Amino acid sequence: MRLRLVPQETSFDFFGKAKLWLGLSALLLVIGIASFALQGLNFGIDFRGGTTIRTEASEPVDVGAYRDALAVHQLGDISITEVFDPAFDDDQHVSQIRIQAQEGGEAISGEMIEQLNQSLDAVAPGIKFAAVESVGPKVSGELIKTAVLAVALAIAAVLVYIWLRFEWQFALGAVAALVHDVVLTIGVFAALQIKFDLAIIAALLTIVGYSLNDTVVVFDRVRENLRRYKKKDLAEVLNLSINETLSRTVMTSVTTLLALISLYVLGGDVIRGFVFAMIWGVIVGTYSSVFVASTILLKLGVKRDWSKQANTTGNQFSNIDA
């Protein structure tokens with residue numbers, strides 16, 4: 001007996017309260033945009049600039065002990081990660097410490113670096129600072145521009161892809177869902193003031209792909225049913241298509257969430273922000289694929305003779321091949 005989170009055949013009316021769902025999305029978008037405008041994002045070192053220190057020690061890296069030793073200096077946001085490399089010797093343990101830019105300067109002073117070395121030497125005797133580098137405001141500003149450009153180009157590419165594969169109504173619905181997911185994710189990070197760094201940009205791009213995959217699955221079934229049920233209203237076809245793909249959508253989302261929640265609980269502070277963004281993205285991505293993209297498609301409408309044109313085009317190509 002196979003496990004099913006959703007019955008194989010369902011008949012939910014997803015558009016009976018379409019205004020409620022769109023209103024909820026609009027409210028969340030307003031809250032997210034307001035949080036971003038009033039509080040801004042809590043940018044990490046990648047976007048604010050700071051100092052990166054590469055350490056080497058003969059003892060295993062204890063991230064908690066390192067963090068406690070550095071906390072007394074009150075330098076603000078400090079990120080500590082252990083570096084793994086097969087080329088390292090057995091007694092070569094490397095970590096990377098990133099410290100946010102200090103007030104009045106890009107990097108911490110040489111005297112402070114010496115104090116940090118002494119503090120870490122107390123928990124890891126013989127520790128050495130193999131490299132000390134600074135990331136200035138100019139580099140950080142370029143990273144922000146590049147990150148915004150990456151997300152914008154990804155959404156634009158999706159718009160073109162869906163437009164070519166389906167119709168412009170499908171494309172607008174899919175892109176609206178993607179923008180909805182990205183804006184809500186940024187809004188949550190602004191509202192909760194969770195650290196926003198390059199890992200979150202990677203999460204945003206992953207969310208775009210995940211949400212698009214869900215949307216395309218639904219839209220593919222819509223296209224099939226438009227050809228199969230030519231006399232049914234568009235709302236009926238959309239409802240039928242979503243119900244037919246609902247079991248797959250829920251199973252995919254739940255299994256993904258199980259893995260992400262495990263990473264969030266057991267993965268540590270280094271990846272927690274990334275995993276949180278992914279968890280939130282899976283939830284809103286699933287929601288937007290069902291309620292936002294499909295509802296906008298319903299509002300825009302689709303030409304019912306499109307399916308005939310598609311079949312005619314397909315037959316023409318078949319005749320040419322023959």
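The values are calculated or read from the model by the stated rules, or taken from the named source; none is laboratory data. Small disclaimer: the values here were computed from a predicted structure and weren't measured. Every residue, glycine as well, gets a Cβ built from its backbone with ideal geometry; the counts of neighbours run over all protein chains shown. Side chains included, ligands, DNA and RNA excluded: accessible areas come from the protein's heavy atoms. Shrake-Rupley method; radii C 1.70, N 1.55, O 1.52, S 1.80 Å.
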Across the chain, qualifying lysine pairs (alpha carbons under 21 Å, at least 8 places apart or different chains) come out at 14
Accessible area of segment 183-231 divided out per residue, in Å², using a probe of 1.4 angstrom: 40 Å²
If you average the alpha carbon positions of segment 184-251 and of segment 22-67, how far apart do those two centres end up, in angstrom? 26 Å
Give, in nm to one decimal, the length gained when the segment between PHE129 and ILE33 is fully stretched (0.36 nm per residue of separation minus the Cα-Cα distance). 30.3 nm
Tell me the trypsin sites (Lys or Arg not before Pro) within segment 142-236 that lie in a loop according to DSSP and have at most 15 other beta-carbon atoms within 10 Å. LYS230, LYS231, LYS232
Could you point to the label whose value was computed as mean projected area of the Cα convex hull in nm² for the structure here, given (i) 18.8; (ii) 23.3; (iii) 16.2? (ii)
Amide H contacts under 5 Å for PHE196, restricted to residues at least 5 apart in sequence or on another chain and with H modeled in the peptide plane, are ASN42, PHE43, GLY44
Rounded to a whole %, the carbon-and-sulfur portion of the accessible area of the chain at a 1.4 Å probe is 60 percent
Kyte-Doolittle mean at least 1.0 and Cα axial length at least 24 Å: DSSP H helices in the chain: 18-38, 137-165, 168-192, 234-266, 269-287
Which residues' amide hydrogens lie under 5 Å from the amide hydrogen of GLY267, considering only partners 5 or more residues apart or on another chain, with H built in the peptide plane? none
Work out, step by step, the length gained on full extension between VAL179 and SER109: first 0.36 nm times the residue separation, then minus their alpha carbon distance; give nm to one decimal. 21.0 nm
Can you pull the one-decimal nm distance between simple spin-label points at ASP89 and TYR161, each 7 Å off the Cα toward Cβ? 4.8 nm
Need the full-extension length gain, LEU153 to TRP168, defined as separation in residues times 0.36 nm minus the C-alpha distance. One decimal, nm. 3.6 nm
